[in-house]
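Since the structure comes first, as structure tokens, the remarks are kept for the end.
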Amino acid sequence: MCDHPGWLSDRGGRLPWTAAGPPPPGPPRGGECRTSPLPERAPGTATDGQLLQRRRKEAGLSLPRMAELAHYDKGYLSKVENGRKPMSVELAQACDQVLGTGGELVERAQSAAAKARGGDRPPLAQLPAAPRGVFGRSDASLRLEGLLAGRADMPGRVPMVCVDGLPGVGKTTLVLRCAHAVAGRFADGALFVNLRGEDRVDGALDSGQVLGGFLRALGVQPGRIPDDRQERAAMYRSLLSGRSVLVVLDDAATSAQVEPLLPGSDGCAVLVTSRRHLAGLQISPAPAMRLTLGPLAPPDATDLLRSVIGGHRADVEPAALARVALRCGYLPLALRTAAVWIAAHPRLSIAEFDRHLEADSDFLDLLGTGADDLHVIVRGMREPTWHAGFHPRRADCLGCR
């Protein structure tokens, strides 16, 4: 083991020489030290790793302490500083936050990612538009963004969050709002697919078919896409290696449908929605985090109704409005469907609409023109009790695991 104060030691974790003094003339005899200190370079020509190392030292942080604060493996950070690993946008963001460098490292990492793409292809931009109004989900939104920002404890780990809950509870709405909010963290853009897990007409998408679409989006010519699903998955992971991409998988049916679509390298992240608890993703070698959405709280449900039908009508019939919210199960899709119908019929009182719902719960299904989620909601409204764990008065986010 090398005890020279200016040289790296694999076991001791000592750092290269600092700006406080010149570099040592050479390694001690014996050939035990194989890693040389990085030569000082002008700020404009420093590599990303050298810049990170310089800023860390200026902040007075050791490599182990920096790794602890950034939630990254110490050995991985060492490889980045020594130029043996590229600095991902995710790592740069974590280090900027720890070091207070105002986005300097993120800018460098994004520039490097753009050069790696060759500059001839724009970033992926497959996210649908973000919904305009989201009610009663502020806590769940913050929690989801926090889980997504969680750093891997070792290279190759990919943050993944599964959002599950009743049909019509607002899973896709929440995930899309979050995806747009964090999109700036992913220099290479976002991939999105509706997996049609609960589609009763066309059925769920095959993961091999989804991989074919993702590979084409990543620039692979159709003739070069393998027929075998495992080979497609391997090519997909290879193309995402070294990139920073957010992958959004909406309406998943099973864990098996999702697993081939997961990136295999850090810098990426995954958001999944499903009506079901995808336990297989939680017990996989790279386990997902789970966020379960419940119905809205009653005040948030009535606020959603008010936002569509207008404050004046809502204030005239507050009791009827509360009853409509209750009959809709405090579920955002049912609430919005009812509100749109009430707004389109200004001569009909809210109390009259409520009586229609009381007489025939199928009335709400008819308003939704056969929408699959509404059909399931209406069927559930006929049940004497709610599904375990999804009581309407247990609102917002029921928990994450």
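The values are calculated or read from the model by the stated rules, or taken from the named source; none is laboratory data. A quick note: this is a predicted structure, and the numbers were derived from the prediction, not measured. Every residue, glycine among them, receives a Cβ derived from its backbone with ideal geometry; neighbour counts consider all protein chains shown. To get the accessible areas, we keep the full protein, side chains included, count just its heavy atoms, and leave off ligands, DNA and RNA. Shrake-Rupley method; radii C 1.70, N 1.55, O 1.52, S 1.80 Å.
The dipole here belongs to segment 249-342: it is taken about the Cα centre, uses +1 on the Cβ of Lys and Arg and -1 on the Cβ of Asp and Glu, and is about 340 debye. In sequence order, segment 231-245 has phi-based couplings of 5, 4, 5, 5, 5, 4, 5, 5, 5, 7, 4, x, 9, 10, 10 Hz under the Karplus curve 6.51 cos²θ - 1.76 cosθ + 1.60, θ = phi - 60°, and Gly or Pro positions carry x.
Residues of segment 257-291 with an amide N closer than 18 Å to a point placed 7 Å from the Cα of SER241 along the Cα-to-Cβ direction: 260-269. Estimated from the Cβ-Cβ distance and a Förster radius of 51 angstrom, the FRET efficiency linking ALA279 and SER349 is about 0.65.
With R₀ set to 56 Å, the beta-carbon distance separating ALA359 from GLN209 gives a calculated FRET efficiency near 0.80. Scalar couplings 3J(HN,Hα) for segment 331-341, obtained by applying the Karplus form with A = 6.51, B = -1.76, C = 1.60 to θ = phi - 60°, are 9, x, 5, 5, 4, 5, 4, 5, 5, 4, 5 Hz; x denotes Gly and Pro.
Per residue, the solvent-accessible area of segment 211-343 (1.4 Å probe, heavy atoms of protein chains only, all protein chains present) comes to 39 Å².
Charge tally around SER265: other residues with Cβ under 11 Å, Lys/Arg +1 each, Asp/Glu -1 each, net +2.
Split the accessible area of segment 216-354 by element, probe 1.4 Å, and carbon with sulfur accounts for 53%. In this simple spin-label approximation, ASN194 and HIS312 carry label points 7 Å from Cα along the Cα→Cβ vector, and these lie 3.6 nm apart. Annotation: amide H of VAL163 within the under-5 Å range of VAL272, THR273, SER274, LEU291, sequence separation 5 or more or interchain, hydrogens built in the peptide plane.
The solvent-accessible area of VAL201, taken with every protein chain present and a 1.4 Å probe, is close to 130 Å².
Subtracting the Cα-Cα distance of LYS79 and ALA149 from their residue separation scaled by 0.36 nm leaves 23.0 nm.
Going from most exposed to least, what order do LEU326, LEU166 have by accessible area with a 1.4 Å probe?
From most accessible down to least: LEU326, LEU166.
Less than 5 angstrom separates the built amide H of CYS268 from those of VAL245, all sequence-distant by 5 or more or on a different chain.
One decimal place: the segment ALA59-THR254 gains 65.6 nm when fully extended, by the rule 0.36 nm per residue minus the C-alpha distance. Here the Karplus curve 6.51 cos²θ - 1.76 cosθ + 1.60, taken at θ = phi - 60°, turns the phi angles of segment 158-174 into couplings of 10, x, 9, 10, 9, 9, 10, x, 4, x, x, 7, x, 5, 5, 4, 5 Hz, with x standing for Gly and Pro.
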